[in-house]
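Worksheet for the structure shown next.
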2 protein chains.
Amino acid sequence: MQAGADVKALVTQVCVMPPAEKSDMKERILATADKLFYLQGIRAIGVDTIAAEIGISKRTLYNHFPSKDALIAAYLERRFVAQRPSDKQPAEQILATFDSLERRFAAKDFRGCPFVNAVAELGPQDRAVKKIAVAFKESRRLWFRDRLNELGVANADALATQLVLLVDGSIAQDLVRDDPAMARAAKEAAKVLLRNAGVDVGGDATKAAKGRKQTPQ
Amino acid sequence: MQAGADVKALVTQVCVMPPAEKSDMKERILATADKLFYLQGIRAIGVDTIAAEIGISKRTLYNHFPSKDALIAAYLERRFVAQRPSDKQPAEQILATFDSLERRFAAKDFRGCPFVNAVAELGPQDRAVKKIAVAFKESRRLWFRDRLNELGVANADALATQLVLLVDGSIAQDLVRDDPAMARAAKEAAKVLLRNAGVDVGGDATKAAKGRKQTPQ
DNA sequence: GCTTGATTACACCGACCTGTGTAATCTAGA
DNA sequence: TCTAGATTACACAGGTCGGTGTAATCAAGC
């Protein structure tokens, strides 16, 4: 499956359906699976647990999903949320990503990146999971790249990669340390990288510069 | 358990014992558990599998470890390898970290950070696992900070945090993408951050600067 | 009323899991 | 040779897991 198709499918799912209507059983199952899978882990949660949490029979769950694997795939696809368009300046949008990250870190139900976690849990053998995880990571990288291109940055592609490293790095660090400050650290690093690429991100361009001394070697 | 104690225990374990001697059963179990846990996942591997892989009975395994949890803890503690001292310049040491990372990414048995994976797999409820994961992450951060202090960098602490973000970010990205270039991207970003802090990392200090035109390095 | 489809309860399967109990066997050292 | 500890095979307990089969129930639309 491709990134574009995933996003399109999701947008259809989210936007076309009347919002309050269709409290579909399938959606209820997915929402519950999402909560439990994400918070407790995919392997840690059995289908019985999900059914019990909703108050339905296991048979009903299996009427909507042919297998747990299918439920896992649907869970990840549902997590593949498209970034909503913004009218802010590209540089602000990029930096706002890290503010949003910090807010999510502070929430006590944050448990890292569901895609990375799924790959870590299910292993590289699970091609389907890996595929959607790659698609998600790449979609975010391309989002950064598009913003950088809007800014006229020359090496937008390489810089976009570096920015996603900061995003995923802060997520991994927060996962083990529970420290939302990781997002701020990532933001500061991002500012340096952007400034170095000629982007005006406000503040003094040489603010953090010049550690005391260093010996030329 | 503390980071310092862990490192000390490990150094004892590794250095004091004659290398070829002591093909201890305990060590054989640990080595096999390490391979299987790391490559396939902790939850995916049962104690029977480990025993069968070595060719011993499950009873023997339980004679050396009181429970699977204890084996998991020992596995992670064994992974807590101390960085060996280097005579290279601090800046080189820092950058060499990313070269080493790239080499490990290229190996086909690389499966991300065992500590992050364990936390992702076992969940935040497992306090013991989380504790050692935090200790490991912090020890690496402190290693960076020490090198930066040797360089006389002013905000060594903040910069060290940013560097570990790049390390963990590249690990997470490589885990899902299988792309060793993530390590190079992290290294380039690290160079920019170091340069911005006044560290001489070789190459033109303003080469990548200023948006528009420049040749790829 | 009747039909159709969704949902229900519930038993059950085979597989795998961690962990234990036991009694026999092997091996190294005094 | 005797002893003590490690290791063995093997059965088994008690549990969870994913998944299925079946027959009853419920609700909506014709």
### Task
Could you state, as a whole-number percent, how many of the C-alpha pairs of the range B:76-141 are farther apart than 13 Å?
70
### Message
Among B:90-101, B:180-191, how do they line up by average Cβ neighbours within 10 Å per residue, starting with the highest?
### Response
B:180-191, B:90-101
### Task
Once the label point is placed 7 Å from Cα along Cβ, list for A:Y62 the distances to the corresponding points in the other copies, in nm, shortest first.
3.2
### Message
Kirkwood hydrodynamic radius, computed over distinct alpha-carbon pairs, for the range B:34-136: how many Å, to one decimal?
### Response
15.6
### Task
Just need the Rg to Rh number for the range A:90-196, please, alpha carbons only, Kirkwood Rh.
0.99
#### Entry: Listed peptides A:64-76, A:161-173 by packing density, highest first (mean Cβ within 10 Å)
A:161-173, A:64-76
### Task
Please work out the C-alpha center-to-center distance from the range A:108-156 to the range B:103-156 and express it in whole Å.
21
### Query
Measuring label to label, 7 Å along Cα→Cβ, what does A:V81 give against each other copy in nm, shortest first?
4.0
### Query
How much accessible surface does B:K88 have with a 1.4 Å probe, in Å² rounded to 10?
90
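Pull out the extension gain between B:E150 and B:A70, defined as 0.36 nm times the separation in residues minus the alpha carbon to alpha carbon distance; nm, one decimal.
The span from B:E150 to B:A70 would gain 25.0 nm if fully extended.
List the pairs from A:K35/A:K187; B:K35/B:K130; A:K58/B:K108 whose alpha-carbon separation is above 32 Å, in the order I gave them.
Check vs 32 Å cut-off fails for A:K58/B:K108.
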### Query
Can you give the average number of partner chain beta-carbon atoms within 10 Å of each beta-carbon in peptide A:107-117, as a whole number?
3
### Query
Between copies, how close do the A:A96 label points come, placed 7 Å along Cα→Cβ, listed in nm from shortest?
4.5
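The values are calculated or read from the model by the stated rules, or taken from the named source; none is laboratory data. Just so it is clear, the model here is predicted, and its values are computed rather than measured. Note that we place each Cβ from the backbone using ideal geometry, even for glycine, and neighbour counts take in every protein chain shown. Quick note on the areas: whole protein, heavy atoms, side chains included, nothing else; ligands and nucleic acids left out. Shrake-Rupley method; radii C 1.70, N 1.55, O 1.52, S 1.80 Å.
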